[in-house]
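**Q** Before we start, here is the structure in question, set down as structure tokens.
Just so you know, all these numbers are worked out from the coordinates, no wet-lab data involved. All values reported here derive from a predicted model rather than from experimental measurement. Backbone-built Cβ (ideal geometry, glycine too); neighbour counts: all protein chains shown.
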Amino acid sequence: MSRRTWPNPAGPTGRPIGLVNFINAPETGNEIWIHETPLPVGTFGRFVEFLSNHRLSNGQVTTIPTLSSSDMAKFMKPYNDWAPAPYNNSRIRGDAALTRFSMCFTGLPDMLGMDAIFSGGGLPEITQIDFELEICRQRLWTGMVPLSDRRWAEKKLDSPENIDLAVEHLLKTCDMVYFSLPATSRKMRLAYNKGYDVFAHFDTVLDAYYATTLNTPRPSPVPRLADLWAEFFFSHVKFITNRIHTWAASHVDRIAEALLHRLLTAPTVPGATRITPEQDALFKQFHNLCHTIRRLDETILFPLVGFKNTLPHWRHATSPPIVNWSEYIRSHGATPLGGNYPPDVQQRDEVYHQRVANLVRQEMTRARTATNIGAENVGATAVRAAYAQGRRELRGEAEPVREEMWIGALRRSMEPQGEGRPPLYTKWGFVAYRLWYGHSDEQWATFLRKFEADVNNWGAGVAGAEAVKEKMEIRWVDGRVHGIAEGDIEGARKHFTTLHENEGAGLHGLNAPAFLVADQSCIDLTIHDYALPGQTLIDEADTTPFILVGRKEGDGSGREARGFEGTVRVLVSVLLDDVWPCLWWRHVDVEDMWNLATWHPLCVYVGPVVQSQVEGWHRFQGVRDELVKKADEWQRQGRLN
């Protein structure tokens with residue numbers, strides 16, 4: 001799958017957990033390497049959208065001056081078409097602030113530095129990354145959590161026997177939060193600052209334009225594009241780090257509280273001088289979980305030191321108080337952090353470790369004198385309290401997440417657009433095609449009933465989902481009515497493309513980024529309960545009913561997708577709060593989901609995965625291959641006649 005960026009705590013077998021592959025592990029031959037952009041590509045569209053609607057990632061409207069529509073037009077026009085001298089003599093005809101901004105996402109020098117582009121000077125900023133990790137990172141950059149509450153519950157990750165698997169999923173967020181790593185943080189800072197300089201130059205040119213154009217009044221107060229970039233970027237960073245950490249912390253805290261309860265209520269032996277084996281096992285689990293809590297708290301942060309900014313309300317983030325962190329470490333974390341921390345993740349780990357250890361000692365002393373808890377359990381209670389205090393000192397109080405970014409954008413797209421314009425959409429969901437005609441009407445009705453109950457069981461843990469739930473629609477098309485042959489995916493694709501080309505008469509306001517297909521395998525799995533050979537080796541949550549997702553004509557990521565034939569199976573349980581927003585916001589294409597699905601023994605996309613999950617699939621495939629081999633052997637021997 002992909003190489004990871006740092007070691008995580010060891011699991012019960014001694015191997016690191018939260019990794020899909022070890023650090024610097026040799027390539028498996030299954031990697032798909034893609035270009036890693038200094039800034040996530042989605043930032044470009046989100047910022048341009050922000051310039052139009054002035055809405056920040058947290059859903060609030062910015063309070064700083066914004067560009068007028070005429071200034072927005074200048075932002076997109078080449079300087080040669082509107083700027084006064086000497087800014088209107090660019091040797092590149094299409095040189096505009098917008099095109100210069102787009103270069104910030106390439107890792108290459110700006111479009112004016114052609115000599116640098118064709119030399120090796122700018123190329124070191126271009127790096128390769130496994131696409132699975134990059135897709136996960138793109139998800140988190142738009143505030144999408146790795147697993148919905150429904151998937152978490154289906155995988156039984158709150159169960160005591162699944163603590164290691166739960167921790168694996170939680171720690172994967174540390175792999176996704178790549179902006180904490182020194183190398184990627186530096187590239188992102190350089191790319192952000194490059195964008196800031198592009199916009200500062202635009203502000204200078206705009207000042208010159210108004211100074212030389214006497215008949216054109218200047219908007220007041222004067223907007224600054226560089227300030228809008230800083231406002232958007234810093235607000236976005238704050239929102240996503242809060243969203244990701246809120247998700248991770250809520251799950252790990254629930255596990256910790258349940259584990260602490262089991263520890264406090266575990267049977268003891270009166271008069272014994274040593275803890276029982278059961279208590280010892282619980283203590284070890286609790287100790288490992290504390291390492292996970294610390295890693296999540298200190299890693300899911302985005303230091304903004306060195307990011308250009310003149311806005312007073314963000315100065316604390318970009319220019320925090322100077323602290324001698326080496327001296328702080330030598331003092332063993334004697335003073336509260338007060339929201340300050342080192343930008344370097346490795347030094348931050350050492351600082352936070354010292355501070356939490358200091359808090360543990362304080363809590364141990366307090367707890368022994370102020371509680372009746374037995375001595376064998378004082379440590380766990382004190383550690384839990386110390387880690388909670390350390391989190392507050394490091395991160396401050398978490399802000400409530402009222403609405404996911406994609407939910408907010410979707411909700412607003414189905415509301416009147418202002419100035420008398422109608423909503424962009426009135427519904428959202430999919431167009432779905434029945435392409436298997438061998439089932440009876442009763443069987444098809446059974447499938448529809450079960451499918452609709454399954455697909456509508458979404459939204460738990462998705463902030464703001466209730467605002468759009470009633471407007472979700474799966475619009476079924478019977479292929480027979482439109483002359484589409486049984487199993488003819490290409491026929492369904494052409495029909496769906498036709499609907500998109502004539503949206504008013506076809507989709508009727510439905511926001512459908514892809515189409516669904518019910519084939520024989522989908523229908524059979526939904527109406528029957530199948531037990532596959534070797535199924536005990538894989539999680540039951542990964543073998544629930546699925547549906548086919550197909551892309552419309554002309555779409556595609558351009559990445560290699562070996563064996564892809566236009567559709568991919570996806571679990572119904574991830575269809576609406578994973579697949580739909582990813583396709584709508586173009587985090588992934590259907591081909592990308594196919595590449596991720598090929599690890600699954602039935603080629604099903606299940607959402608983000610972890611190492612032990614994939615290892616279980618590989619063991620399942622081994623059992624299946626062995627059964628097929630034995631069947632062939634017995635067939636040749638005549639033992640199956």
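**Q** Counting only pairs 8 or more residues apart or on different chains, how many lysine pairs in the range 426-621 have their Cα atoms under 23 Å apart?
**A** Final tally of qualifying lysine pairs is 9.
**Q** More than 20 Å apart: what percent of Cα pairs in the range 310-442 qualify?
**A** 69 percent
**Q** Apply the Karplus parameterisation 6.51 cos²θ - 1.76 cosθ + 1.60, with θ equal to phi minus 60°, to every residue of the range 341-347 and state each ³J(HN,Hα) to the nearest whole Hz, in sequence, with x for glycine and proline.
**A** 7, x, x, 6, 5, 6, 5
**Q** Stretch Arg636-Glu501 to full length: gain in nm at 0.36 nm per residue minus the Cα-Cα span?
**A** Here the segment from Arg636 to Glu501 would lengthen by 43.1 nm.
**Q** Around Arg475, which amide H atoms from residues at least 5 apart in sequence, or from another chain, sit under 5 Å from its own amide H, with H modelled in the peptide plane?
**A** Under 5 Å from the amide H of Arg475 lie the amide H atoms of Phe430, Val431, Ala432, each far enough along the sequence or on another chain.
**Q** So if R0 is 60 Å, what FRET efficiency would Arg449 and Asp625 give, r being the distance between their Cβ atoms, rounded to the nearest 0.05?
**A** Efficiency at R0 = 60 Å is approximately 0.95.
**Q** In what order do Ile244, Ile275, Ile547, Ile64 fall by count of nearby beta-carbon atoms within 10 Å, going from fewest to most?
**A** Taking fewest neighbouring Cβ atoms as first place, the list is Ile64, Ile275, Ile244, Ile547.
**Q** Give me log10 I(q)/I(0) at q = 0.16 Å⁻¹ for the range 426-621, Debye formula, one equal scatterer per alpha-carbon, no solvent.
**A** Results for the range 426-621 at q = 0.16 Å⁻¹ read -1.11.
**Q** Check cross-link reach from Lys308 to the lysines: straight Cα distance under 21 Å, and skip same-chain residues fewer than eight apart.
**A** Filter leaves Lys187, Lys194, Lys238.
**Q** Another question, then. If you average the sequence gap of Cα pairs under 8 Å that are 6 or more apart and divide by the length of the range 426-621, what percent do you get for the contact order?
**A** Worked out over the range 426-621, it gives 24 percent.
**Q** I've got another one for you. Evaluate the distance, in nm, between pseudo-label points positioned 7 Å from the Cα of Cys603 and of Ser52 along their respective Cα→Cβ axes.
**A** 3.7 nm
**Q** Pop out the ³J(HN,Hα) list for the range 215-232 in order, Karplus 6.51 cos²θ - 1.76 cosθ + 1.60 with θ = phi - 60°, rounded to Hz; leave Gly and Pro as x.
**A** Values per residue, Gly and Pro as x: 8, 10, x, 8, x, 9, x, 6, x, 10, 5, 4, 5, 5, 5, 5, 4, 5 Hz.
**Q** Now for a separate question. So how far apart, in nm, are the two label points at Ala357 and Thr212 if each is 7 Å from Cα heading toward Cβ?
**A** Those two pseudo-labels are separated by 6.4 nm.
**Q** Next up: Roughly what would the spin-label model give for Ser90 and Thr204, points 7 Å off Cα along C-beta, in nm?
**A** 1.4 nm
**Q** Using a cut-off of under 13 Å, list every residue of the range 349-371 whose amide N is near the label point 7 Å from the Cα of Leu264 along the Cα-to-beta-carbon line.
**A** 371
**Q** Let me ask you something else. Count the net charge of all other residues whose Cβ sits under 14 Å from the Cβ of Trp314, scoring Lys and Arg as +1 and Asp and Glu as -1.
**A** +2
**Q** Which one of Phe283, Ala317, Tyr328 is farthest out on the positive end of the charge dipole of the range 273-328, using unit charges on Cβ (Lys, Arg +1; Asp, Glu -1) and the Cα centre as origin?
**A** Ala317
**Q** Show me, for the range 321-335, the HN-Hα J-couplings you get by feeding each phi into the Karplus relation (A = 6.51, B = -1.76, C = 1.60, θ = phi - 60°), rounded to Hz, glycine and proline as x.
**A** Each residue of the range 321-335 in turn: x, 7, 10, 7, 5, 5, 5, 4, 5, 5, 7, 6, x, 6, 10 Hz.
**Q** Report the extension gain between Glu419 and Arg368 in nm, rounded to one decimal, defined as 0.36 nm multiplied by the number of residues separating them, less their alpha carbon distance.
**A** 11.7 nm
**Q** A further question follows. Under 24 Å between alpha carbons, and skipping anything fewer than 8 positions from Lys284 in its own chain: which lysines qualify?
**A** Lys155, Lys156, Lys172
**Q** Name the trypsin sites (Lys or Arg not before Pro) in the range 220-320 that are in a loop by DSSP and that have at most 12 other C-beta atoms within 10 Å, would you?
**A** Arg274
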